[in-house]
Amino acid sequence: MSARVLVVDDIPVNRRLLEAKLAAEFFEVTMAASGAEALAVAAQWSPDVILLDVMMPEMDGFETCRALKANPGTAHIPVVMVTALIDRSERVRGLEAGADDFLSKPVDDVTLFARLRALLRVKQVQDAWRLRAEIARQLGVEPPVTPEAAVAGSAVLVLADDAEAAEVGSCLVADGAVPALVSRPEEAEAALTTGRFDLAILCLPATGMEHLRFASRMKAQHATRDLPVLLVADPAQRDLVLRGFEIGASDYVLRPVDGNELRARARNQIRRRRYEERLRTDLDRSLELAVSDPLTGLRNRRFVQHHLEAALRAGDVAVMMIDVDRFKAINDGHGHAGGDKVLQEVAERLRSQLRAADVVARFGGEEFLVVLADAPPEEAVAIAERLRAALERTPIPTGQGEVSVTVSVGLAITPTGVSASEAIAAADVALYRAKSLGRNRVEVAPARAAQSKD
């Protein structure tokens, strides 16, 4: 897995050693000799991961990490602190500053690359979501609210024996999280099917393989594959922890468990989970807006044209072009706001009269396009008449009084092989005839008008 890594250390020999290790694994490496230089390089070069030494003059690693996380342009970059400090309180201090992990000097190569790959898997997904969210913002789509930093109310699944479950649970409760304690993998799987969780903590027993199999099954399922996993292990279980990272674990804590470190690591994982969910929500919302008409909520012209092309490749399709009669007079008499209310109500009545498999879109102005799925000609005509009657039946309130609305409908039954533009043109010709014959009527295009030019 190739990626860009920024190595920050004030000692040249340490920088060169890490550079050689990373380059041997085909990582692209840039180096910085101080915290201030790291901030400048990170902002300009946009690394995928930052390996940050703690003990540096002037601006130490903690201060540098806080500055990186405070800058919106670099806050998303994972930071791994590299230190000779063995005091757990220093690790907690780094995690509180925003570090994603700690590595102790001398750096173990296997652990280093396992941690980098785990962090890069998460970052690649986040980068894809961030790019799409940024494009949506440039198009004027407002982003959702930033998730809270506090983790109170977060649901955490804890798989552990009774004694350790109580210990881990009490640490989580101190931060306001809500632990669900289970002692067997089968109970954990059942809990995942009935509840929603922000984090899973797996406390590995002596063998630990069954717990890792559970983690593997969880990562293979769509509903739980993005759930962060925090392992609790003995120092002698290093190989199991590395296997866990290969499966998709996010972090680990070694026994004896330090409550402050566990809480800090759990908080970081929950915050990352919420950040990912916000990005996913932002993306889903952006995609929905990209294919929807903002006034009526119907699909837009771009979407329905692509949908029609696909439908025509699969079989015969009925296409309706619907136009609101004398809409200019409605706008003139009831104002543009009144005209908008009419279009919204027309859209709602059309939608309510169609099947789930049918697609109705606002084609432009006061025109709507309907694509009927698997509708024989007689049924298509009946549906068109039903739509026309649904609009004629009840006046529409506009805020400036009620207005009686009628529509004209052009219907084309188009065989396989006809292009979307030809099908729409045939329906448009039928619509023009409906309007020229007095409006508020359905006209069907002659069969030859819907034939392919081929």
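What aspartates and glutamates could a cross-link reach from residue 21, if we take a straight Cα to Cα line under 13 Å and drop same-chain neighbours fewer than 8 places away?
Excluding near neighbours in sequence, the set is 108, 109.
For the chain, what is the calculated [θ] at 222 nm in deg cm²/dmol (nearest 500), taking -39500 (n - 2.57) for each run of four or more DSSP H residues and dividing by its residue count?
-16500 deg cm²/dmol
Given Cα pairs under 8 Å that are at least 6 residues apart, what percent is the relative contact order of the stretch 57-125?
Computed value for the stretch 57-125: 32 percent relative contact order.
Antiparallel DSSP bridges in the chain: what percent, to the nearest 5?
Here the share of antiparallel DSSP bridges comes out near 35 percent.
Post the alpha-carbon centroid distance, the stretch 354-394 to the stretch 80-130, in whole angstrom.
Their Cα centres are 57 Å away from one another.
Sorted by mean Cβ packing within 10 Å, highest first, what order do the peptides 41-47, 166-172, 427-433 take? Before the final figure, lay out each step's value.
Values: 41-47: 16.0, 166-172: 18.9, 427-433: 21.0.
Top of the packing list down: 427-433, 166-172, 41-47.
Could you please report the charge total around residue 374, scoring K, R as +1 and D, E as -1 over all other residues with beta-carbon less than 10 angstrom from its beta-carbon?
It works out to a net charge of -2.
How many percent of the accessible area of the chain is carbon or sulfur, using a 1.4 Å probe?
Taking all protein chains in place, the chain shows 54 percent carbon and sulfur surface.
So how tilted is helix 420-436 from the main axis of the chain? Cα-based, degrees 0 to 90, rounded to 10.
With rounding to tens, the tilt is 40 degrees.
Sort the stretch 336-454 into rounded, prolate or oblate with this rule: let a ≥ b ≥ c be the square roots of the eigenvalues of the Cα gyration tensor; rounded if a/c is under 1.5, and if a/c is not under 1.5, prolate when a/b is larger than b/c, oblate otherwise.
Values: a/c = 2.02, a/b = 1.83, b/c = 1.10.
Note, shape of the stretch 336-454 comes out prolate.
Mind checking the angle between helix 35-45 and the chain's longest principal axis? C-alpha axes, 0 to 90 degrees, to the nearest 10.
Once rounded, one gets 30 degrees.
Quick one: net charge of residue 162's neighbours, Cβ under 13 Å, K/R +1, D/E -1?
Taking every Cβ under 13 Å from that of residue 162, the sum is -3.
Using alpha carbon centroids, what distance separates the stretch 155-224 and the stretch 309-334, in Å?
53
Report the relative contact order of the stretch 1-100, percent, no decimals, based on alpha-carbon pairs under 8 angstrom and at least 6 residues apart.
The value is 27 percent.
Between 0 and 90 degrees, rounded to the nearest ten: what's the tilt of helix 109-138 against the longest Cα principal axis of the chain?
30
Express in nm, to one decimal, how much length is gained between residue 166 and residue 89 on full extension, taking 0.36 nm for each residue of separation and deducting their alpha carbon distance.
Length difference between fully extended and current span is 25.5 nm.
Taking Rg and Dmax of the Cα atoms in Å straight from the coordinates, which label in (1) 32.9, 99; (2) 30.3, 88; (3) 24.4, 89 is the correct one?
(2)
Which lysines, on any chain, are close to residue 69 with Cα under 25 Å apart, when same-chain ones fewer than 8 places away are left out?
105, 123
For the chain, with every protein chain kept in place, what is the accessible area per residue (1.4 Å probe, Å²)? Each step should come with its number before you reach the end.
Numbers: 21090 Å² over 454 residues.
Heavy-atom accessible area per residue stands at 46 Å².
Determine the sum of side-chain charges near residue 223: Lys and Arg each +1, Asp and Glu each -1, restricted to other residues whose C-beta is under 12 angstrom from that of residue 223.
Within the 12 Å Cβ shell, the charges total +2.
If one computes the Cα centroid of the stretch 395-439 and of the stretch 225-271, what distance in Å separates the two points?
61
The values are calculated or read from the model by the stated rules, or taken from the named source; none is laboratory data. None of these values were measured; they are calculated from a predicted model. Note: ideal-geometry Cβ built from the backbone for every residue, glycine included; neighbour counts use all protein chains shown. Areas reflect the complete protein model, heavy atoms only, side chains present, ligands, DNA and RNA absent. Shrake-Rupley method; radii C 1.70, N 1.55, O 1.52, S 1.80 Å.
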